[in-house]
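**Student:** What follows is a single structure, and I will ask about it in a moment.
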Amino acid sequence: MPNSETMVSPASVARRPAPDAIAALTATQGLAALEQGTLTCEAWARACLDRIEERNGGVKAWVRVDAEGALARAREWDRHGRRRALDGVPLGIKDTIDTAAMPTELGDPEIFPGRQPEADAPVVTQAHELGFNVLGKNTVSRHAIMLPGPARNPHDLTRTPAASSAGSAAAVADFMAPLSIGTQTAGSILRPSAFCGAVGFKPTLDAIPYVAIRRYSRVLDVIGPISRSVDDAALFMRAFTGDPRFDPASALRSDFRLGVWRPKDWADTEPCMRESFEANLRALSAAGVKVTELAMPAAFDTMGEAQDVIMAYDLAREYAAIKRDHAALCDPGLIEYLTMGEGLSAAEYAGALDAADACRRAFYDVAREVDAVAMPSTLGEAPPASSTGSSAFIRIWSLLHNPSITLPVARGPNGLPLGFQMVGFVKEDARLLYWARCAERILGSTAHQP
């Protein structure tokens, strides 16, 4: 297994406080402890809330915390018994997802101050029905797009946690909750997870219904989990889809086939990311994984631009009223992006959709002999907080609808996380999570390190 600390200069790493042993539990570990009687729901909730109290002033991962409600629910489970498998699992929810019990300001507190939905989004209703203990709402980047927001990277408060599920990834990576529900249109689950050191999973489009959530693009928006283990991502997907193929207990293998793709942006990767990626490929190969280089058609190198056309075109229409009625409260970067989207024609939009359809078909031709495709998650470590970083290696899979996952496998020279991305086939999400579990066992994880 690669030594995830070998690239880190000890003098450059300012360690954050280690978490309480209970706060450090993954959802899977916590559930096992609840079943064994060595953990109570109240102790789990309180450990997470204590971590929030200790760290949120700097990390700013939460905009609202329902401490009293979370503790009351936990005590009720402890007093009367847990009846559902997931009763008591602490959970965060991105503040673009409607909640009836708490305001949802959509990442725009100046434009939607105190906005109070009358009903929960279906995914929130389902979370309550499954037994999750909702701790609160996670911070969103400015305007809930790729602009810097209040949240900070838990490993270095001068660095970005990316966008827009920034608070969700920061909260999970900093041991404030074992799971959070995020969303992605370009790179908003994987990029924050990669920069903060969490496991971020983007499912196939519509795997979980995207309803009563701030809309960006109907053909791109997805809901997915952010966690600290692949087991937890599988547990989440099994619970929310009811699909038994998401099995976090299945036996693991090391004889799978992994295709490697280095797109045009590979030239822009930082040396630490290249070193980490190559070291992990060597470790996988040594463990028995068949690693094969893939050559994607040239059209794949234009998919970033196609994704941007679709997102800008759709966002300009979704945010039209905001630009019209609240222009003075809009960041110049948002106005610029919406203006660009307004200038795109229906023919350009249709052309981008057609190009994506062609690449979806081509993916099967190129990747049919492998089980998953690997590439870096990001170009390198999280940049300063004035930027949200690049999603060059991520956004294509939002456009093509392939499920994708980032694994926290290393730390860079500044002690910041580096992610390893795996990509699967459309509607074969359970298979991708299985192969990701296999890879995680071989490569290890830095998600549990302070």
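**Student:** Which ³J(HN,Hα) values in Hz, rounded to whole numbers, follow from the phi angles of segment 148-162 under the Karplus curve 6.51 cos²θ - 1.76 cosθ + 1.60, where θ = phi - 60° and Gly and Pro get x?
**Tutor:** With coefficients 6.51, -1.76 and 1.60, one gets x, x, x, 5, 10, 6, x, 7, 7, 5, 8, 9, 7, x, 6 Hz.
**Student:** Let me ask something else. Per residue of segment 19-34, what does 6.51 cos²θ - 1.76 cosθ + 1.60 with θ = phi - 60° give for ³J(HN,Hα)? Whole Hz please, x for Gly and Pro, Karplus curve as stated.
**Tutor:** Values, residue by residue: x, 4, 4, 6, 4, 6, 5, 6, 4, 4, 5, x, 4, 4, 5, 4 Hz.
**Student:** Right, next: In Å², what does the accessible area per residue of segment 205-335 work out to with a 1.4 Å probe?
**Tutor:** Ligands and nucleic acids excluded, the result is 42 Å² per residue.
**Student:** I would also like to ask the following. May I ask you to rank V63, V426 by accessible area, largest first, using a 1.4 Å probe over the protein chains only?
**Tutor:** The ordering from most to least exposed comes out as V63, V426.
**Student:** Now, a different point. Quick one: if you stick a label point 7 Å off each Cα along the C-beta vector at R282 and D357, how many nm between them?
**Tutor:** That separation, rounded to one decimal, is 4.6 nm.
**Student:** Once semi-axes √(5λ) of the Cα gyration tensor in Å is worked out from the coordinates, which option in (1) 37, 29, 23; (2) 34, 25, 20; (3) 30, 28, 21 does it equal?
**Tutor:** Computed from these coordinates, semi-axes √(5λ) of the Cα gyration tensor in Å corresponds to label (3).
**Student:** Output the antiparallel fraction of DSSP beta bridges having both residues in the chain, as a percent to the nearest 5.
**Tutor:** Numbers: 27 of 42 bridges.
If we restrict to bridges inside the chain, about 65 percent are antiparallel.
**Student:** Once every DSSP H run of n ≥ 4 in the chain is given -39500 (n - 2.57) and the sum is divided by its residues, what mean residue ellipticity at 222 nm do you get, rounded to the nearest 500 deg cm²/dmol?
**Tutor:** Values: 14 runs with 171 residues, N = 450.
Using -39500 (n - 2.57) per qualifying helix, the result is -12000 deg cm²/dmol.
**Student:** Please give the contour-minus-distance gain from D247 to I335: 0.36 nm per residue of separation, less the Cα-Cα distance, rounded to one decimal in nm. All intermediate terms of the calculation are to be shown ahead of the outcome.
**Tutor:** Numbers: separation 88, 0.36 × 88 = 31.68 nm, distance 4.44 nm.
That pair, D247 and I335, stretches by 27.2 nm at full extension.
**Student:** Using θ = phi - 60° and the Karplus curve 6.51 cos²θ - 1.76 cosθ + 1.60, what whole-Hz ³J(HN,Hα) does each residue of segment 253-265 get, with Gly and Pro shown as x?
**Tutor:** Working through the residues one at a time gives 10, 10, 9, 8, 10, 10, x, 10, 10, 10, x, 4, 6 Hz.
**Student:** Still on this structure, please answer the following. Order H448, H80, most accessible first, counting only protein heavy atoms with a 1.4 angstrom probe.
**Tutor:** Sorted by accessible area, descending: H80, H448.
**Student:** Moving to a separate point now. Just to check, using Stokes-Einstein with a Kirkwood Rh over alpha carbon pairs, what's the diffusion coefficient of segment 137-211 at 25 °C and 0.890 mPa s in µm²/s? Don't skip to the end; give the middle numbers.
**Tutor:** On the way: Rh = 12.0 Å.
Value of D from the Cα-based Kirkwood radius: 204 µm²/s.
**Student:** To continue, here is another question. Just by accessible area at a 1.4 angstrom probe, what is the order of K264, K202 from largest to smallest?
**Tutor:** From most accessible down to least: K264, K202.
**Student:** Along the Cα→Cβ direction, 7 angstrom out, place labels at D265 and A18. What is the inter-label distance in nm?
**Tutor:** That separation, rounded to one decimal, is 3.7 nm.
**Student:** Among all lysine pairs in the chain that are eight or more places apart or on different chains, how many have alpha carbons less than 26 angstrom apart?
**Tutor:** Lysine pairs meeting both conditions in the chain amount to 14.
**Student:** Name the residues whose placed amide hydrogens come within less than 5 Å of the amide hydrogen of L258, ignoring near sequence neighbours (fewer than 5 apart) on the same chain.
**Tutor:** Residues meeting the amide H criterion: K290, V291, T292, D371.
**Student:** Continuing with this model, one more query. Please give the solvent-accessible surface of K427 in Å², to the nearest 10, using a probe radius of 1.4 Å with every protein chain present.
**Tutor:** Surface open to solvent at K427 totals about 150 Å².
**Student:** Would you work out the charge dipole size for segment 1-149 about its Cα centre, treating the Cβ of every Lys and Arg as +1 and the Cβ of every Asp and Glu as -1, and quote it to the nearest 20 debye?
**Tutor:** Values: 17 positive and 20 negative charges, 57 e Å.
The calculation lands at about 280 debye.
**Student:** As an exercise, use a Förster radius of 35 Å and the Cβ-Cβ distance of E76 and R115 to find the FRET efficiency, rounded to the nearest 0.05.
**Tutor:** 0.75
**Student:** Turning to a different aspect of this structure: Which of the listed residues, L220, Y364, L147, is farthest toward the dipole's positive end in the chain, when Lys, Arg count +1 and Asp, Glu count -1 at the beta-carbon?
**Tutor:** Y364
**Student:** Jot down the radius of gyration and Dmax of segment 314-450, Cα atoms only, both in angstrom.
**Tutor:** Considering segment 314-450 through its Cα atoms, Rg and Dmax are 18.8, 53 Å.
**Student:** How large a share of the accessible area of segment 321-450, in percent, is made up of carbon and sulfur atoms when the probe is 1.4 Å and the other protein chains stay in place?
**Tutor:** Here carbon and sulfur together make up 57 percent of the probe-accessible area.
**Student:** Something else about it: Could you state the accessible area per residue of segment 381-450 in Å², with a 1.4 Å probe and every protein chain left in place?
**Tutor:** Result: 23 Å² per residue.
**Student:** Further question: Please report the accessible area of F236 (heavy atoms, 1.4 Å probe, ligands and nucleic acids excluded) in Å², nearest 10.
**Tutor:** Probe radius 1.4 Å; accessible area of F236 about 0 Å².
The values are calculated or read from the model by the stated rules, or taken from the named source; none is laboratory data. Here the structure is a predicted model, which means the values were calculated and not measured. Virtual Cβ from ideal backbone geometry, glycine too; neighbours counted across all protein chains shown. We work out accessible area using only protein heavy atoms, side chains counted, and drop any ligands, DNA or RNA first. Shrake-Rupley method; radii C 1.70, N 1.55, O 1.52, S 1.80 Å.
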